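Take a look at the structure below.
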Amino acid sequence: MTTDLIEEHHFLVRAPSEDEARALVDRFLRTNNLVRYDSYRVSGIRTGKDLAGGEALVEMEKENMARMRGICARLAEEGFVSLDSCLGIRQGYISKLFHTLAHLVDGFFGIDSFFYNLIEDSHQVSAALLKQMRESPEVHWLLAVEARMVSGDTGKGFHLI
């Protein structure tokens, strides 16, 4: 039996053309050490002109925050209510959730990343980058990517236990 896991990510990149923007995202996904997908495709692209106001990027940052809040809520259900609580976490599902949260807070791309800023290697966009985007929108791109992992004998991305 195989199961598909499909994730949506949005990557902010700086490149002189759409083709080069696609190549940056492709290279990142092919070489990323934390997440390996069986397949992925660009499902949408927005230009810097569409993003110069910053509202769309703020919404994407909010989605990342909502995902982190969801992880925090799940950790709280298990009794993780303070940093001291982490000392008592048993290795397993809950420790993996804590690890995922740490990656999101620290800016590492992961399966739970909705928005990722490849320019600054971050889940956020700095004020300086927003200024650069307003000054030269033609070299900034936001690519929506649909990525797929297949479990089971045919997939390499993840395995159900």
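The values are calculated or read from the model by the stated rules, or taken from the named source; none is laboratory data. Predicted, not measured: the structure shown is a model, and the values here were computed from it. In this analysis, Cβ positions are derived from the backbone assuming ideal geometry, glycine residues included, and neighbour counts consider all displayed protein chains.
Here are some notes:
- Residue match in the range 117-136 (condition: at pLDDT 85 or above, exposed (fewer than 14 other Cβ atoms within 10 Å of the Cβ) and more than 23 Å from ILE45 (Cβ to Cβ)): yes
- Of all the residues in the range 106-149, those that are closer than 20 Å to LEU29 by Cα and either among the polar types (S, T, N, Q) or part of a helix (DSSP H, G or I) (or both) number 5.
- Subset of the range 41-55 that is more than 15 Å from the chain's Cα centre (by Cα), surrounded by 15 or more Cβ atoms within 10 Å (Cβ to Cβ) and not charged (D, E, K, R) - its residue that is modelled with the highest pLDDT: ILE45
- Of all the criteria given as (1) more than 26 Å from ARG22 (Cβ to Cβ); (2) in contact with a Pro (Cβ under 9 Å, 6 or more places away or on another chain); (3) not small (Gly, Ala, Ser), the one not satisfied by THR47 is (1).
- Out of PHE114, PHE98, PHE80, sole residue that is among the hydrophobic types (A, V, I, L, M, F, W, C) and within 20 Å of GLU8 (Cβ to Cβ): PHE114
- Residue, surrounded by the fewest Cβ atoms within 10 Å (Cβ to Cβ), within the range 9-40, restricted to residues that are in a strand (DSSP E or B) and modelled with pLDDT under 95: SER39
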